[in-house]
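Peer 1: Next up is a structure, given as structure tokens.
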Amino acid sequence: MKVNEHDLEKIKAILADALVASESPVAFLALKTEGTPQFEVKLILPENFKIKQPVFLPSINPFVNKVCESREAAISSDLLEGIRNLALPSEVEAAGVLAQARAKNVGVCPITIEREVQGLLFLAVRDNSSRLLKICDSFATQICSYFAVREYLRIAHEANVKSQTMMETSQDAFFTIDIQRGGVRVSPNLEQTTGYPADEFLAGLKDPEKYVVPEDLPKFRDFYRDTFSGQKVKVEFRMKRKDGNVIWFSIFSNPIFDSTGKLVAIQGVGRDISENKKTNWELEKAQQREMLKTEFMSVISHELRTPLTPIQGYTDVLLSGNMGALTKEQKEALLVIKKQSKMLLSLIDSVLDITRVEYGKRIEIKKQPVMLNEIIDDVLDGLKFQFQEKEIKPAAELSPEIQTILADESKISRVISNVLGNAIKFTPKKGRIGISTAKVGPDVRVEIWDSGIGVEADHLQKIFDKFFQVDSSYTRSVGGIGMGLAIVKEIVEAHGGKVWAESKGLGTGTKIIFTLPLT
């Protein structure tokens with residue numbers, strides 16, 4: 001235990017009283033050395049007793065060790081028992097000094113702080129009566145109380161320093177209202193927050209109309225009433241600063257009661273929450289805009305679907321021959337209309353999927369048995385004009401092992417269409433594009449490759465992120481919003497598959513690979 005000169009002076013006065021009350025010739029105090037089992041003698045009275053290097057080892061002295069373990073005062077049966085193993089020039093010399101003082105026994109009292117023995121009080125006594133034991137114990141208790149009060153004052157001082165520092169440096173305005181004495185204490189930054197000096201602001205609280213926006217006066221008055229009735233209350237209101245500006249202000253109050261339950265003080269904190277309010281307002285507006293956008297996209301998609309339904313229906317009726325025989329040219333034209341209306345429907349679904357992905361929603365899929373190779377043939381046929389424009393003849397190596405898979409036909413069609421569309425977009429004229437399918441364990445593996453611009457290694461994972469586009473003059477010239485591959489990733493993963501990209505760098509082409517479970 002650490003002590004300073006001030007502590008020793010206070011304890012010395014206690015020991016002096018102990019000598020008088022016990023009629024003891026000698027008293028000394030040993031305190032535990034921090035980090036060791038040793039107790040060092042810090043004080044000896046009367047001061048004419050001089051002992052060099054007085055360090056006591058309680059584990060060596062059975063009597064004192066017993067006192068430490070029991071935490072109860074005791075008087076030794078003889079003089080040597082109480083001082084044995086003190087680090088004195090010799091035990092015989094120490095015994096002689098005490099014998100000259102006519103001491104026959106030694107009373108030892110533990111000084112216990114927080115259930116740990118932190119010190120020992122020794123009193124040389126001339127008998128071993130219970131009266132002396134009580135005296136010895138009472139003075140040890142006084143020393144314990146001194147150290148307890150010292151620790152309490154230290155903690156209180158540190159707390160006060162921290163509190164003061166926090167009040168001076170915090171952006172919040174702290175206040176304490178002493179109801180019994182009528183005093184009010186506020187932190188220095190109240191003026192910075194409100195524009196009013198503390199005295200002027202507090203004086204004006206009796207007339208809140210001066211500070212509070214009229215619409216918020218009722219809830220401010222409710223806050224004032226509930227606070228002084230002893231409730232914890234929080235209120236947010238608009239405040240007029242001294243410079244005329246209006247800010248949003250938040251106050252939280254906390255009641256303080258005495259031991260009888262009487263309200264004695266109110267503590268609280270005030271904070272300028274204008275920025276938070278502005279941020280929340282902007283967020284709400286943004287959310288409202290996004291909701292309107294989603295509703296708009298949904299309505300538009302529905303309106304676009306509406307005319308497609310009869311177009312597809314009448315096309316099927318005409319193709320069936322129920323409305324008359326068709327020439328070869330008419331039938332081919334109707335097949336083109338049917339295929340293109342189906343593609344238009346797929347584009348409308350893509351718009352909805354883009355909306356869902358943009359808002360972090362999962363894409364809905366409806367699995368059913370579908371012919372994967374037939375889906376690929378249909379997509380290739382639908383893109384034939386784009387291939388012709390680039391003078392590209394796509395290569396297709398479709399495995400005959402793959403008959404049907406469980407998947408959402410329109411969604412898988414969109415995956416293949418998006419990836420092939422990207423390949424066409426980023427491959428120069430007369431380039432090469434190919435697609436292949438293969439059965440790999442329980443999955444089907446689809447590879448779509450091209451001889452286009454390629455992708456740097458650092459961007460291979462990023463190209464599946466929403467709105468990501470490789471920054472180059474070529475990609476900027478071909479356009480796009482960077483959602484195609486993001487949708488591909490969402491659809492493939494919704495099916496329980498995986499998708500990734502491979503490329504050896506710029507100018508080397510790109511390969512997009514995805515897997516789908518067969519069942």
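Peer 1: Can you tell me which residues in region 1-27 are in contact (Cβ under 8 Å) with a residue 40 or more places away in the chain and small (Gly, Ala, Ser)?
Peer 2: Hits for region 1-27 are ALA18, ALA21, SER22, SER24, ALA27.
Peer 1: Just need a number here: residues in region 438-457 that are at positive phi and in a strand (DSSP E or B). Full working, then the answer.
Peer 2: Of all residues in region 438-457, those at positive phi come to 441, 454.
From the residues that got through so far, the ones that are in a strand (DSSP E or B) too are none.
So the answer is 0.
Peer 1: Additional query: Is there a residue being closer than 26 Å to PRO37 by Cβ, at pLDDT 80 or above, of a type in the set (Asp, Glu) and not in a helix (DSSP H, G or I) anywhere in region 105-121?
Peer 2: Scanning region 105-121, I find at least one residue that is closer than 26 Å to PRO37 by Cβ, at pLDDT 80 or above, of a type in the set (Asp, Glu) and not in a helix (DSSP H, G or I), so the answer is yes.
Peer 1: Residues that are more than 25 Å from GLY497 (Cα to Cα), surrounded by fewer than 22 Cβ atoms within 10 Å (Cβ to Cβ), at pLDDT 90 or above and of a type in the set (A, V, I, L, M, F, W, C): does region 371-391 have at least one?
Peer 2: yes
Peer 1: Related question: Look through region 102-137, keep the residues that are without any contact (Cβ under 8 Å) to a residue 12 or more places away in the chain and hydroxyl-bearing (Ser, Thr, Tyr), and return whichever of them is surrounded by the most Cβ atoms within 10 Å (Cβ to Cβ).
Peer 2: Only one residue tops the list, namely SER129.
Peer 1: For region 382-397, how many residues are under 16 Å from SER436 (Cα atoms) and either within 53 Å of the chain's Cα centre (by Cα) or not assigned by TED's automatic domain parsing to the domain that holds ILE424 (or both)?
Peer 2: Result for region 382-397: 4.
Peer 1: Okay, next question. Looking only at region 228-267, count every residue that is under 22 Å from GLU191 (Cβ atoms) and hydroxyl-bearing (Ser, Thr, Tyr) and tell me the total.
Peer 2: 2
Peer 1: Out of all the residues in region 392-412, which are at pLDDT 90 or above and hydroxyl-bearing (Ser, Thr, Tyr)?
Peer 2: Selection gives SER399 alone.
Peer 1: Would you mind stating whether ARG126 is over 22 Å from GLU5 (Cα atoms), out of contact with any strand residue (DSSP E or B) (no Cβ under 9 Å at 6 or more places or on another chain) and assigned by TED's automatic domain parsing to the domain that holds ASP78? Let's see the steps before the verdict.
Peer 2: Details: over 22 Å from GLU5 (Cα atoms): yes; out of contact with any strand residue (DSSP E or B) (no Cβ under 9 Å at 6 or more places or on another chain): no; assigned by TED's automatic domain parsing to the domain that holds ASP78: yes.
No, not satisfied.
Peer 1: Give SER417, SER410 a once-over and let me know the one that is hydroxyl-bearing (Ser, Thr, Tyr), out of contact with any Asp or Glu (no Cβ under 7 Å at 6 or more places or on another chain) and assigned by TED's automatic domain parsing to the domain that holds GLU374.
Peer 2: SER417
Peer 1: Which residues, taken from region 384-437, are assigned to a helix (DSSP H, G or I) and of a type in the set (Val, Ile, Thr)? Lay out the reasoning, then the answer.
Peer 2: As a first pass, look at region 384-437 and keep what is assigned to a helix (DSSP H, G or I): 384-389, 409-425.
ILE412, VAL415, ILE416, VAL419, ILE424 - these are the residues of region 384-437 that are assigned to a helix (DSSP H, G or I) and of a type in the set (Val, Ile, Thr).
Peer 1: Sticking with this structure for a sec: Can you tell me which residue among VAL212, VAL235, VAL264 is among the β-branched types (Val, Ile, Thr), in contact (Cβ under 8 Å) with a residue 40 or more places away in the chain and within 24 Å of ILE179 (Cα to Cα)?
Peer 2: Details: VAL212 fails: in contact (Cβ under 8 Å) with a residue 40 or more places away in the chain; VAL235 fails: in contact (Cβ under 8 Å) with a residue 40 or more places away in the chain.
Only one candidate qualifies: VAL264.
Peer 1: Which numbered condition trips up VAL92, out of (1) β-branched (Val, Ile, Thr); (2) out of contact with any Asp or Glu (no Cβ under 7 Å at 6 or more places or on another chain); (3) at pLDDT 75 or above?
Peer 2: Unmet condition: (3).
Peer 1: Only helices (runs of 4 or more DSSP H) wholly contained in region 156-252 count here; list those with 3 or more residues that are at pLDDT 85 or above, in contact with a strand residue (DSSP E or B) (Cβ under 8 Å, 6 or more places away or on another chain) and surrounded by 15 or more Cβ atoms within 10 Å (Cβ to Cβ).
Peer 2: 217-227
Peer 1: Has region 276-293 got at least one residue that is within 27 Å of ILE179 (Cβ to Cβ) and outside any strand (DSSP E or B)?
Peer 2: No, because not a single residue in region 276-293 is within 27 Å of ILE179 (Cβ to Cβ) and outside any strand (DSSP E or B).
Peer 1: Still on this model: Residues of region 253-262 being surrounded by fewer than 16 Cβ atoms within 10 Å (Cβ to Cβ) and either aliphatic (A, V, I, L, M) or touching a helix residue (DSSP H, G or I) at 6+ places or on another chain (Cβ under 8 Å) (or both), which ones?
Peer 2: Correct list: ILE256 only.
Peer 1: Looking only at residues that are hydroxyl-bearing (Ser, Thr, Tyr), at pLDDT 90 or above and under 28 Å from LEU406 (Cα atoms) in region 491-519, which one is farthest from the chain's Cα centre (by Cα)?
Peer 2: Only one residue fits best here, namely THR510.
The values are calculated or read from the model by the stated rules, or taken from the named source; none is laboratory data. A quick note: this is a predicted structure, and the numbers were derived from the prediction, not measured. With ideal geometry, Cβ positions are generated from the backbone for all residues, glycine too; neighbour counts draw on all protein chains shown.
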